[in-house]
Amino acid sequence: MLAVSHKQRVLDLLGQNGVLRPSNLDAIGVPRIVLTRMTAAGLLEKFGRGLYRRPDADFAERESMVTVALRAPQAVFCLLTSLQFHELTTQLPRQVWISMPRGSHVPRVAWPPIRMIQMSDEAYSAGIETIERNRVQLRVYNVAKTVSDCFKYRNKIGLDVALEALREAWRARKLSMDELWRYAQVDRVAALIRPYVEATV
């Protein structure tokens, strides 16, 4: 029978963090087998390799982002995933798009499938916003940086997607031209973007 004290400690820790890994139990002196027993009892749900949450946790479409953020804290969500996050696309990406510093390896994540873009120091670090979801920190590029990146990587995602992102961001007033020019210069695509901006604004 599951010790109440162990169960309560796990639930308390889950209340603080939103998500648990087996290693988290070591710090509170609870055997890892407790996770298996609580999952079998319906008190926890395993939603990724070594990741547990409450069955009623509201992760919705952010679940895959949360999983990646836990496995790869250095990752920044970009391109199609960032567009979806900011509600700027009709695309439904089959992969989670992340940016990592140049020279990085693709994070080992069993699920979801990942598409990694390597960026130089300035391009990687510019325009990062940190948003908390279910007590997990998600690092995602802001709207202006995302739109700029879409033009830079148009050969990977399609120019039509970049144009849709620009139109939607401008229509919804989610970016200013000053912001867009700033990141376009970082991405070295200012000259490329200019005619599209003039046709949109």
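Just to be sure before I move on: is L14 at pLDDT below 85, in contact with a Phe, Trp or Tyr (Cβ under 8 Å, 6 or more places away or on another chain) and not in a strand (DSSP E or B) in the structure I sent? Step through it out loud before you land on a result.
Values: at pLDDT below 85: yes; in contact with a Phe, Trp or Tyr (Cβ under 8 Å, 6 or more places away or on another chain): yes; not in a strand (DSSP E or B): yes.
For L14, the condition - at pLDDT below 85, in contact with a Phe, Trp or Tyr (Cβ under 8 Å, 6 or more places away or on another chain) and not in a strand (DSSP E or B) - is met.
So the check is Cβ under 7 Å with 6+ separation or different chains; which pairs have a first residue in region 178-201 that's touching a residue at least 60 places away in the same chain (Cβ under 8 Å) and a second one that's assigned to a helix (DSSP H, G or I) and of a type outside the set (A, V, I, L, M)?
Here the result reads V186/E122; D187/S148; D187/D149; D187/K152, each pair linking region 178-201 to a residue that is assigned to a helix (DSSP H, G or I) and of a type outside the set (A, V, I, L, M).
Run L175 past the list (1) assigned to a helix (DSSP H, G or I); (2) crowded, with 21+ Cβ neighbours inside 10 Å; (3) of a type in the set (A, V, I, L, M, F, W, C) and report the number of the one that doesn't hold.
That leaves (1) as the condition not met.
Out of region 17-35, which residues are of a type outside the set (A, V, I, L, M, F, W, C), modelled with pLDDT of 90 or more and over 29 Å from the mean Cα position of the chain (by Cα)?
Correct list: P31 only.
Pick from region 103-114 the residues that are surrounded by 11 or more Cβ atoms within 10 Å (Cβ to Cβ) and either in contact with a helix residue (DSSP H, G or I) (Cβ under 6 Å, 6 or more places away or on another chain) or free of Cβ contacts under 8 Å to residues at least 40 places away in the same chain (or both): which of them is nearest to I157 (Cα to Cα)?
Here the residue is P113.
Those residues that are touching a residue at least 24 places away in the same chain (Cβ under 8 Å), out of contact with any strand residue (DSSP E or B) (no Cβ under 6 Å at 6 or more places or on another chain) and not basic (K, R), I need them from region 115-140; list them, please.
Within region 115-140, E122, A123, A126, N134, V136 meet the criteria.
Just need a number here: residues in region 78-102 that are on the phi > 0 side of the Ramachandran plot and open to solvent by less than 30 Å² (accessible area, probe 1.4 Å).
The number of residues fulfilling the criteria is 1.
Here is a list: A57, A69. Which entry is small (G, A, S), at pLDDT 85 or above and within 30 Å of G15 (Cβ to Cβ)?
Only one candidate qualifies: A69.
Every residue in region 141-167 that is open to solvent by 60 Å² or more (accessible area, probe 1.4 Å) and either in contact (Cβ under 8 Å) with a residue 12 or more places away in the chain or touching a Gly at 6+ places or on another chain (Cβ under 9 Å) (or both), please.
Result: K152, K156, R167.
Among the residues of region 178-192, count how many are over 21 Å from E87 (Cα atoms) and either buried (at least 18 other Cβ atoms within 10 Å of the Cβ) or in contact with an Asp or Glu (Cβ under 6 Å, 6 or more places away or on another chain) (or both).
The qualifying residues number 3.
Please verify whether R171 is out of contact with any helix residue (DSSP H, G or I) (no Cβ under 7 Å at 6 or more places or on another chain) and at pLDDT below 95, treating the condition exactly as stated.
Taking the combined requirement at face value, the residue satisfies it.
Among the residues that make up region 36-46, is at least one of them in contact with a helix residue (DSSP H, G or I) (Cβ under 6 Å, 6 or more places away or on another chain), modelled with pLDDT under 90 and either among the charged types (D, E, K, R) or open to solvent by 20 Å² or more (accessible area, probe 1.4 Å) (or both)?
The answer is yes; a qualifying residue exists.
The values are calculated or read from the model by the stated rules, or taken from the named source; none is laboratory data. Since the structure is predicted, the reported quantities are computational estimates derived from the model, not experimental observations. We place every Cβ from the backbone using ideal geometry, glycine too, and count neighbours over all the protein chains shown. Only protein heavy atoms, including side chains, enter the accessible area calculation; ligands, DNA and RNA are left aside. Shrake-Rupley method; radii C 1.70, N 1.55, O 1.52, S 1.80 Å.
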